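All remarks here apply to the structure that follows.
The values are calculated or read from the model by the stated rules, or taken from the named source; none is laboratory data. In this text the structure is predicted, and so the values were computed from the model without any measurement. Cβ sites come from the backbone with ideal geometry, for glycine too, and all protein chains shown count toward neighbours. For the accessible areas, the whole protein counts, side chains as well, though only heavy atoms, and no ligand, DNA or RNA atoms are used. Shrake-Rupley method; radii C 1.70, N 1.55, O 1.52, S 1.80 Å.
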Amino acid sequence: AAGGGWRCGRCPDGAALRWCISGTLCASFLGLGMSIAVLGPTFPTLAANVGKNVSDIYYIFVGRSLGSLGGSVVGGVLLDCMNATLLLAFSMLGTAAGLYVIPWCNQSLILTILMSVIGGSMGILDTGGNVLALYTWGSEAGPHLQALHFSFAAGAFLAPLVAQMDLGSSKSEELSGAEKTNQSVLKSVPTASAASTTPALNDHRNESFLWSYIFIGSYILLVSIFFFVLFSKSSSAKDKSKASAHKDKLAKYHWPLVGLLFVFFLFYVGAEVTYGSYVYTHAMVFAEMKESEAAALNSVFWGAFAVCRGAAIFGAAFLSPATMIVLSLLCSAASSTALAFFSHFRAALWAGSAVYGASMATIFPSGIAWIEQYTVVEGKTASLFVVGAALGEMCIPVAVGYLQGRYHHVPVVMYTAFVTSVVTVLLFPAMYKLANWPQQRDSREVSDRETRKTLLPNSRLTEDEEDEEEQHVREWNDADFEVVEMNDELKNSLMDTSHRIPGDSPAVQPHLDNALGDPPVVADGSPGRQNGSIDWEKSE
């Protein structure tokens, strides 16, 4: 990632800055969840504003879905050529602007266009938020990714409360389960209960929902300011240096691995949204539950989902992403099997829904954290994950609705949960093998190279030490030779002086011996020849 990726945790102030980035991302995903989920309870009011029935403006959801897909793709491209925090700041500004305008919109076409713009901004935020968390924390990103997606779930939970806070009535609107999905690219689907709502609403109700949109828009505007502040603290030079370092980590089978995870997310998110959207209807038709019981069952599914996602923030600090994925897939397979073949038992339906919701909570953030260990997750790569999740969210529920309409007596929803669980259980071992197999072979080569690099400096150091030792010895030998030459010159000088002294003086020899000191070692190793030479000279 050339421009967007930067890590700031290797300097004294880096730890505080990283936590600021993580906190701002969580705040943005909280606003993302509120922005998506607020459409459910306000949908009748928006239909009344444009003079349409609820069933006649379903295309606004299509517009938001297409906008989210386009935003994910565009965001992935932009992340690789500009600063991530600046891109997220502008995406938040776009979302806030759309939320400010929507309550006053009185034409369905303009409303659809605004929904598409908001969807595009949300797609950029969804892609960029995950990528920025990876760039900021690296291998430590697991808990922070879990916190991001938990913040989204918390925002989806708070949105109906925000929408209802100015109603002045204790009666709350029934909320579709499809508005509480785990995936931050969720697109709301109108429910039967919403379709039956009367579009004619009084002015007080309209004004209440108007302020809910402005409240959420103001919150998102505030978060965008924090992103601009973070941008002022970032360094483009760091971005480029980190990008060059990331290129060395690219996996050998990068794109096949990304493609498999694309399909994995498509089935996983599609199954999650499908179950959350249709379990209410299944409970009433196949389990013959009352409306209150079916709504409670739906709440159990999403409640277990939200609780498990919150607990995953702490679990990710102790468990590896692969371990969390395996545990989630095993629980998903077991619960979907029970739902597919034993859902006619109410106990199995309640327990299976709770376990199935909990097993779905951690897969998406854990999957992103897992693949980051093996290859580079750039903007384009992350956008593919979001697009795959969005396609699964759009296509699988539509297919299930079509099949359920044709085969009324078949629990298509439960069989879909079972089939998708089997597909994901088979896909992950294939991805794991593909990610690790070439590295197992290459790791040995890398280890050998590192060993040679380690030994080579040591061998050079040993050779240098030997050269220094030899030089030291040569210097000492040269010094010895100089001393010997000095002694020879001194001896010859003294001997010449003794020849010029008239007569034989017995005092010459002791002075000569004292001046020369110990005679130097000659060829035969005996000093006698010096004495003999001197005696011979005397005899002359």
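Numbers below:
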item: Residues located in the stretch 389-411, provided they are touching a residue at least 60 places away in the same chain (Cβ under 8 Å), assigned to a helix (DSSP H, G or I) and of a type outside the set (Gly, Ala, Ser); result: 391, 393, 394, 395, 396, 397, 400, 404
item: Filter result for residue 353 (of a type in the set (S, T, N, Q), part of a helix (DSSP H, G or I), more than 26 Å from residue 68 (Cβ to Cβ) and in contact (Cβ under 8 Å) with a residue 40 or more places away in the chain); result: yes
item: Criterion (modelled with pLDDT of 85 or more, surrounded by 19 or more Cβ atoms within 10 Å (Cβ to Cβ) and part of a helix (DSSP H, G or I)) met by exactly one of 301, 314, 231; result: 301
item: Set 85, 95, 127: member being at pLDDT 85 or above, within 18 Å of residue 233 (Cα to Cα) and buried (at least 21 other Cβ atoms within 10 Å of the Cβ); result: 85
item: The listed residue being open to solvent by 10 Å² or more (accessible area, probe 1.4 Å), at pLDDT below 85 and part of a helix (DSSP H, G or I), out of 172, 151, 139, 121; result: 139
item: Residues satisfying the stated conditions in the stretch 99-111, i.e. crowded, with 17+ Cβ neighbours inside 10 Å and over 19 Å from residue 34 (Cα atoms); result: 105, 108
item: Scope the stretch 50-82; condition touching a Gly at 6+ places or on another chain (Cβ under 6 Å) and open to solvent by 70 Å² or more (accessible area, probe 1.4 Å); matching residues; result: 81
item: Subset of the stretch 378-430 [closer than 18 Å to residue 301 by Cβ, over 31 Å from the mean Cα position of the chain (by Cα) and among the aromatic types (Phe, Trp, Tyr)]; result: 415
item: Options 359, 366, 335: the member that is in a helix (DSSP H, G or I) and more than 30 Å from residue 124 (Cα to Cα); result: 335
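Yes or no, residue by residue, for (1) out of contact with any Gly (no Cβ under 8 Å at 6 or more places or on another chain); (2) open to solvent by less than 10 Å² (accessible area, probe 1.4 Å):
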| residue | (1), (2) |
| --- | --- |
| 356 | yes, yes |
| 366 | no, yes |
| 374 | yes, no |
| 377 | yes, yes |
